[in-house]
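Peer 1: Can you keep this structure in mind? I'll have questions shortly.
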Amino acid sequence: VDLSRVSFTPSVKQGFAMGGNAGVTFRYIEESHFGLIAEVNFEQRGWKEDFEEYPFEYSRTLNYVQIPFLAHIYFGIIFSIVLYGVNLTRYTIGLNNPVQFPGLDNSKSL
């Protein structure tokens, strides 16, 4: 579980949106000083706006798949490890939570 917010210009009053993350790691060590690490991660990010003077709120959830590839290098000097690599990130599916107006039929599109 993670909490996220988004920076906007101009700023928007918002709260933290709760999302999830999960992943799988593959680690291959060839020698005692070198190895490769690959991961596949799923992460949800987003924001939640609260309109204080109006009786509704808006939230947005963005889903990402991340695939980092890292080189794992161990120098042996007091546990010196260097991780170097790239991170490929892809926005997958956005779940838009529509604005909810109390007292109105919210099943219709705006």
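The values are calculated or read from the model by the stated rules, or taken from the named source; none is laboratory data. These figures come from a predicted structure and were not determined experimentally. A quick note on method: Cβ atoms are made from the backbone with ideal geometry, for glycine too, and the neighbour counts reach across all protein chains shown. For the accessible areas, the whole protein counts, side chains as well, though only heavy atoms, and no ligand, DNA or RNA atoms are used. Shrake-Rupley method; radii C 1.70, N 1.55, O 1.52, S 1.80 Å.
Peer 1: Kindly indicate the residue of the range 49-64 that is aromatic (Phe, Trp, Tyr) and assigned to a strand (DSSP E or B) and also farthest from Ser4 (Cα to Cα) among those meeting that condition.
Peer 2: The extreme case among them is Tyr58.
Peer 1: Which residue pairs have Cβ atoms closer than 7 Å, lie 6 or more positions apart in sequence or on different chains, and pair a first residue in the range 1-16 that is in a loop (DSSP other than H, G, I, E, B) with a second residue that is at pLDDT 80 or above and of a type in the set (Gly, Ala, Ser)?
Peer 2: Val1/Gly20; Phe16/Ser4
Peer 1: From the residues in the range 1-25 that are farther than 30 Å from Tyr54 by Cα and surrounded by 10 or more Cβ atoms within 10 Å (Cβ to Cβ), which one is modelled with the lowest pLDDT? So that I can check it myself, show each step before the final result.
Peer 2: Just the residues of the range 1-25 that are farther than 30 Å from Tyr54 by Cα, to begin with: 21-25.
Adding the requirement that they be surrounded by 10 or more Cβ atoms within 10 Å (Cβ to Cβ) leaves 21, 23, 25.
Working: Asn21: 90, Gly23: 94, Thr25: 93.
Of everything passing the filter in the range 1-25, Asn21 is modelled with the lowest pLDDT.
Peer 1: Which members of the range 33-48 meet the condition of being farther than 24 Å from Thr92 by Cα and either part of a strand (DSSP E or B) or open to solvent by less than 90 Å² (accessible area, probe 1.4 Å) (or both)? Give the steps one after another, and end with the answer.
Peer 2: First pass over the range 33-48, keeping only residues farther than 24 Å from Thr92 by Cα: 33-36.
Residues satisfying the conditions are Phe34, Gly35, Leu36.
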